[in-house]
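The values are calculated or read from the model by the stated rules, or taken from the named source; none is laboratory data. The shown structure was predicted, so the numbers you read here are calculated from the model rather than taken from an experiment. Don't worry about glycine lacking a Cβ; one is built from the backbone with ideal geometry, like all the others, and counts go over all protein chains shown.
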Amino acid sequence: METAVLVVGEALIDIVMPLEGTVAEHVGGSPANVAIGLARLGHPTTLATRFGHDERGTRIRALLEREGVALVPGSDAAGRTSTALARLDVRKVATYEFDLEWSVDPGLVAPDGGHLHTGSIAATLAPGAAAVARIVEASRPHATISYDPNARPSLMGDPADAVVVIEHLIGLADVVKASEEDVAWLYGGTPEEALARWAGMGPRLVMITLGPDGVLVGIGGRSARFPVPPVGVVDTVGAGDSFMSGVLSGLLDAGLLGGPAARARLGGAALEEVTPAVERALVCAGITVSRAGANPPRREELA
């Protein structure tokens, strides 16, 4: 039986504004992107999110249904659909401004023997963040957990306050992925320092993406850098989320995510055993940056 995945977090509309050319709207939100990425890679995925009964919300629902992502009932009960204005710079890297409405049922739990992924704004922004933390705490005894802080300085306030929330979730997670930008904002230190700090809090696998310089991976007291495959960049929207869905897909296929037995296998895994998952993640991210918007690959594109 395939491992069921529950993703908890925001689904919104990315309004992508290039330096030149036409403004475009795409369905986005880090957790929603991860859910779609997992579904495209063949994993049964359910999303607990929040969007409105408006034109943009209808677009989100239609895409999720088309991609085979199930929705937790009540996910469409927001007063309006959230948006993220993504401004592209000369390097085609996006910075974001958000208009967000977020809450979630704190009584949700991941399925027995399943996997729970969360992160980004939904897991940090009050009041919904407290509900997300309760979902993670209730799910951990019977499901593995992954977490991506995906820091958004314009919404998360003082880094010192955000660190408290983020490190609580890191301590509950089995797999953590962040970017070097997250690390710089939260701590002002190096990726290597953050990796060592987080590894000491409990997660077995910690990954810090380094943009065009690849990813730093730590597991079992060892660390290594993996390079990015060469690719032409259209924009970086959704690249980190595509990496996340790719690595989770690889770990799921390897039997390293799921219930307590999978957690034990991950706990004993060496760097070599997670390398195929990391390499899959880098390929997924490379495909995503080669085309516009948060558009993760399907499994057949990975060949």
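Among the residues examined, T45 qualifies as more than 19 Å from D14 (Cα to Cα), β-branched (V, I, T) and at pLDDT 95 or above.
When segment 124-141 is filtered for residues that are surrounded by 16 or more Cβ atoms within 10 Å (Cβ to Cβ), in contact with a helix residue (DSSP H, G or I) (Cβ under 8 Å, 6 or more places away or on another chain) and assigned to a helix (DSSP H, G or I), the ones remaining, listed by number, are G128, A129, V132, A133, V136. In the set (1) touching a Phe, Trp or Tyr at 6+ places or on another chain (Cβ under 9 Å); (2) surrounded by fewer than 22 Cβ atoms within 10 Å (Cβ to Cβ); (3) in contact (Cβ under 8 Å) with a residue 60 or more places away in the chain, the condition left unmet by S154 is number (3). Being over 20 Å from G202 (Cα atoms) and in contact with an Asp or Glu (Cβ under 8 Å, 6 or more places away or on another chain) is a property that S154 has.
Determine, yes or no, whether E167 is among the charged types (D, E, K, R) and over 16 Å from W185 (Cα atoms). Judged against the criteria, E167 is not a match.
Identify, please: which residue in segment 1-46 is over 20 Å from S245 (Cα atoms) and of a type in the set (G, A, S) and is, among those, surrounded by the fewest Cβ atoms within 10 Å (Cβ to Cβ)? In this case the residue turns out to be G21. Number of residues in segment 235-267 that are among the polar types (S, T, N, Q) and in contact with a strand residue (DSSP E or B) (Cβ under 9 Å, 6 or more places away or on another chain) equals 2. Considering segment 106-120 alone, what residues qualify as being in contact with a strand residue (DSSP E or B) (Cβ under 7 Å, 6 or more places away or on another chain), aliphatic (A, V, I, L, M) and not in a strand (DSSP E or B)? Selection gives L108, A110. Summed over segment 49-92, the residues that are of a type outside the set (S, T, Y), surrounded by 17 or more Cβ atoms within 10 Å (Cβ to Cβ) and closer than 23 Å to V289 by Cα give a count of 7. If we keep just the residues of segment 261-301 that are farther than 28 Å from A84 by Cβ and charged (D, E, K, R), which is surrounded by the most Cβ atoms within 10 Å (Cβ to Cβ)? Top of the filtered list is R263.
Are any of the residues in segment 120-129 closer than 26 Å to V27 by Cβ, β-branched (V, I, T), out of contact with any Asp or Glu (no Cβ under 6 Å at 6 or more places or on another chain) and at pLDDT below 95? Looking for residues that are closer than 26 Å to V27 by Cβ, β-branched (V, I, T), out of contact with any Asp or Glu (no Cβ under 6 Å at 6 or more places or on another chain) and at pLDDT below 95, one finds at least one in segment 120-129, hence yes.
Among strands (runs of 3 or more DSSP E) entirely within segment 1-105, having at least 1 residues that are touching a residue at least 24 places away in the same chain (Cβ under 8 Å), closer than 19 Å to C284 by Cβ and not hydroxyl-bearing (S, T, Y) singles out 5-8, 12-17, 24-28, 45-48, 94-99. Per this entry, S103 is counted among residues that are surrounded by fewer than 19 Cβ atoms within 10 Å (Cβ to Cβ), within 20 Å of the chain's Cα centre (by Cα) and either closer than 29 Å to P212 by Cβ or among the polar types (S, T, N, Q) (or both).
Scan segment 231-260 residue by residue and report those that are touching a residue at least 40 places away in the same chain (Cβ under 8 Å) and surrounded by fewer than 18 Cβ atoms within 10 Å (Cβ to Cβ). Those that are touching a residue at least 40 places away in the same chain (Cβ under 8 Å) and surrounded by fewer than 18 Cβ atoms within 10 Å (Cβ to Cβ): V231, G232, V233, V234, P260.
Could you tell me whether any residue of segment 123-141 is farther than 25 Å from L251 by Cβ and touching a strand residue (DSSP E or B) at 6+ places or on another chain (Cβ under 8 Å)? The answer is no; no qualifying residue exists.
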